[in-house]
Amino acid sequence: MALYSEKVMDHFRNPRNVGVIENADGVGEVGNAKCGDIMKIYLKIKDDIIEDVKFETFGCGSAIASSSMATELIKGKPVSEALELTNKAVAEALDGLPAVKMHCSVLAEEAIKAALKDYYDKNGIEYDKSLFPDCSDCEHCGL
């Protein structure tokens, strides 16, 4: 059995939405101190729809694939739908990740939430704070 699915390999070899959005409406950066993966997500939002999303990821193939898939899953969607994206949904869309690499899908979820929180904060939009984990002292988010 192969360690990685064809979808993981495709998103690793041909990542979608790589890059930076200048003057992004929301930017989120998260990292995993244990493995060294760092993800940065940029959002362009208009009329509550994610018009564009880009990412920069420094990390393993699973981290790159998770970032790529996560951006594909939220592009063109309402902000409320992007907020509901889970790491399980990212992993399932990739046809699974090895157990030791599931943290990569968690980082993708957290990077998107961090970018959405940044968007809300920049625009003075009220939000449910419980939807956003406080990563200031959690184990894996050392940024």
When ranked by the protection proxy of mean other Cβ atoms within 10 Å per residue, highest first, what sequence do the peptides 126-132, 42-48 form? 42-48, 126-132
Could you give the C-alpha radius of gyration of the chain expressed as a fraction of 2.2 N^0.38 Å, taking N as the number of residues it contains? 0.98
Restricting the count to DSSP beta bridges whose residues both fall in the chain, what percent are antiparallel, rounded to a multiple of 5? 95 percent
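If each residue of separation counts as 0.36 nm, what is the full-extension length gain between ARG13 and VAL100 once their alpha-carbon separation is subtracted? Mind dumping the intermediate values first?
Numbers: separation 87, 0.36 × 87 = 31.32 nm, distance 2.02 nm.
This chain segment gains 29.3 nm when fully extended.
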Give me the aspartates and glutamates in straight-line cross-link reach of LYS129: C-alpha distance below 13 Å, same-chain residues under 8 apart excluded. ASP118, ASP121
Taking 0.36 nm per residue of separation and subtracting the Cα-Cα distance, what length does fully extending GLU126 through GLU56 add? 22.4 nm
Which cross-chain or sequence-distant (5 or more) residues have an amide H under 5 Å from the amide H of GLY26, H modelled 1.01 Å from N in plane? LEU43
Between SER5 and GLU22, what is the label-to-label distance in nm when each label sits 7 Å out along the Cα-to-Cβ direction? 3.7 nm
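Here, each number is a calculation from the coordinates, and none is a lab measurement. Just so you know, these numbers come straight off a predicted model, no measurement behind them. Methodologically, a virtual Cβ is constructed for each residue, glycine included, from the backbone with ideal geometry; neighbour enumeration extends over all protein chains shown.
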